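The values are calculated or read from the model by the stated rules, or taken from the named source; none is laboratory data. Note that the structure is a prediction, hence the values are computed from the model and not measured. Using ideal geometry, Cβ is built from the backbone for each residue, glycine included, and neighbour counts are taken over all protein chains shown. SASA here: full protein model, heavy atoms, side chains in, ligands and nucleic acids out. Shrake-Rupley method; radii C 1.70, N 1.55, O 1.52, S 1.80 Å.
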Amino acid sequence: MSRVSKYDKSKIETNEVIWKAGLYLRLSKEDDVSKDESDSISSQRELLLSFIKKDPKIDIYNIYVDDGYSGTTFDRPNFQRMWEDIKNGRINCVVVKDLSRFGRNTIETSNYIEVIFPMLKVRFISLTDQIDSYLNPQSINGLLVPFKNIMNDEYARDISVKVKSAQNTYRNKGLFIGSFPSYGYIKDPNDKHKLIIDEEASAVVKQIFQMYLSGMGFLTIAKKLTNDRVKSPFEYKVQKGYNYKTPVAKNKYHIWRDTTIQRILTNQMYVGDMVQGTRSVINYRNHKIKPKSKEEWVIVRNTHEAIISREVFDKVQNMLQSNKKDYIKPFRTYVLGGLVKCGDCGAVLETALCSSKNLKNKYYFRCPTYMLSKGLICSKHTIRNDYLEATVFQIIKKYIELSVDIESILKKIKLNTIQKECQNQNAKLDFEIKKLKDKMSLLYIKFKNNELSENDYIIQKESVLEEIRKIENQIISLSASIKNDKFPHTNFINSLAKYKGMNGLTKEMANELIKEILIFNKNEVEIKLNFDDEFANVIDFIKNNVQEEEVERFLMKLE
């Protein structure tokens, strides 16, 4: 049975469609190395602009460029910017050079093209693949799209294996393969795989080691460097013109932190040893970074000039171990630890125990930028953990209750959709059965008029009966065979269902459901959940597929 297009022109067209297009361009580092000039950003831009000039019905809203980002993940800055414009109705058409520029992850790419875009009535055009979901809906539903997506995904996997193999070879030889060397070093202009000392930054590294040897702690050193207006490693690299990216880049105040001091004091690179392979990505699709155990690190001794002597470095390591033994911080489980951030500067809030006897074992979150800068940069942004956990739990509890209603409504929509499709298909199949029965009647007349022998009549009659039986079996199994790929993803419903009946927030619940929590002044809280996009898609889907009165009743619960 042929697939029915999810792109219905009758639903999209109102007199004349105005297409507001987002042109999407992408090039990863691997593509840049292994492919020719035809896939460069400038070449993609020229091709897409040339196409738009020939079609007066398409206007360019914006051009989105992700240069140096892998297609195996959709967590790319400009793709996410385009996605926000799609959700807000600013664009209703996406144009790419080919499917591989859009993405190399089979599952996610297919989901966008075959499910999400049709649901949002977004036209998708892939030029060299001759795909246009509006002018030629079947170009989306045929075998080409899934086949090319699989091939693009396999290409990404193969490239990933080759790149890792080459990287391991370089690491084992003690050659530097990172984008940015440790603070205090720069790449040799004559050989990017070798490191040389950066005199200005290395002087700060030496100062940090000296201050620690004199008895100053991490936090004291960080505060002194901040107050002395010494540029932090991030600020320093940006000042030098490096396209340096780091999680703290979201923080508009780049001050020295105690964690930065600790990393510098424990960095073996400063004694002249090349230390690499300390972290890795999960796989070629999942680019999340995971740390490796120290036994897995690749360390090659004496590959570059040392900033710190081995004697000084070893002495500092002994002091660090000694101080760790002298003070062992009591282990505490912070339910929202790592998820709470300052709404203004973006820093992850640190925890501190309440000093009041009435609040024993209670703690609060506070902004480290405020603490380190003595209030000169940012403000306190404090909030008690019990208040915050109670607020977060009530919001999640409401989502759990809503998920029950959502599941019920989606089941009803799904049932109605299947029934309608069954009715349409049954009508077609009943018509086919009627034709076959008419054919059998004609055979009988021919047999009676001696135009067919008895043997031929029996053979042809049995053939027609077999066709009728096949169609009747199709009718019986039709509802089971109808695909539900037109429905939005509802993985979050299963995630929420696990916590139904819980009386309070747990660490597991927080890590699974919460993306981040932003704290602003006056204890204003903004909670971002991991399933926000999925939830929004489902709500839009319900609005478009349920009777108005029922939607209004449901939406009242969202308020």
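Structure notes:
- In the stretch 346-364, the qualifying residues are those that are among the small types (G, A, S) and without any contact (Cβ under 8 Å) to a residue 40 or more places away in the chain, and the one that is least open to solvent (accessible area, probe 1.4 Å) is A352.
- The sole residue among L219, L195 that is open to solvent by 40 Å² or more (accessible area, probe 1.4 Å) and either at pLDDT below 85 or under 29 Å from N318 (Cα atoms) (or both) is L219.
- Restricting the stretch 420-439 to residues that are hydrophobic (A, V, I, L, M, F, W, C) and open to solvent by less than 100 Å² (accessible area, probe 1.4 Å), the residue that is modelled with the highest pLDDT is L436.
- Being buried (at least 22 other Cβ atoms within 10 Å of the Cβ) and not in a loop (DSSP other than H, G, I, E, B) is a property that does not hold for F117.
- Taking (1) modelled with pLDDT under 85; (2) at positive phi in turn, G501 satisfies each apart from (1).
- Filtering the stretch 48-85 to residues that are more than 16 Å from D98 (Cα to Cα) and part of a strand (DSSP E or B) leaves I58, D59, I60, Y61, N62.
- Considering the stretch 120-174, and only residues there that are among the basic types (K, R) and outside any helix (DSSP H, G or I), the residue that is modelled with the highest pLDDT turns out to be R123.
- Counted residues, the stretch 65-75 - those being in contact with a Lys or Arg (Cβ under 6 Å, 6 or more places away or on another chain) and buried (at least 19 other Cβ atoms within 10 Å of the Cβ): 4
- Scanning the stretch 449-469 for residues that are assigned to a helix (DSSP H, G or I) and either surrounded by 13 or more Cβ atoms within 10 Å (Cβ to Cβ) or not charged (D, E, K, R) (or both) returns N455, D456, Y457, I458, I459, Q460, K461, S463, V464, L465, E467, I468.
- Residues satisfying the stated conditions in the stretch 222-234, i.e. surrounded by 15 or more Cβ atoms within 10 Å (Cβ to Cβ) and part of a helix (DSSP H, G or I): A222, K223, K224, L225, T226, P233, F234
- Of everything in the stretch 121-131 that is within 27 Å of the chain's Cα centre (by Cα) and open to solvent by 20 Å² or more (accessible area, probe 1.4 Å), the residue that is nearest to V96 (Cα to Cα) is L127.
- Whenever a residue of the stretch 220-232 is among the polar types (S, T, N, Q), its partners that are assigned to a loop (DSSP other than H, G, I, E, B), lying with C-beta atoms within less than 7 angstrom and at least six residues away or across chains, give the pairs T226/I255; T226/W256; T226/S373; S232/H254; S232/I255; S232/W256.
- Restricting attention to the stretch 365-410, the residues being out of contact with any helix residue (DSSP H, G or I) (no Cβ under 9 Å at 6 or more places or on another chain), under 17 Å from E524 (Cα atoms), open to solvent by less than 50 Å² (accessible area, probe 1.4 Å) and not in a helix (DSSP H, G or I) number 1.
- Among the residues of the stretch 512-526, the ones that are farther than 14 Å from I395 by Cβ and open to solvent by less than 80 Å² (accessible area, probe 1.4 Å) come to 4 in all.
- Of the set (1) surrounded by 15 or more Cβ atoms within 10 Å (Cβ to Cβ); (2) at pLDDT 75 or above; (3) hydrophobic (A, V, I, L, M, F, W, C), all apply to L442 but (1).
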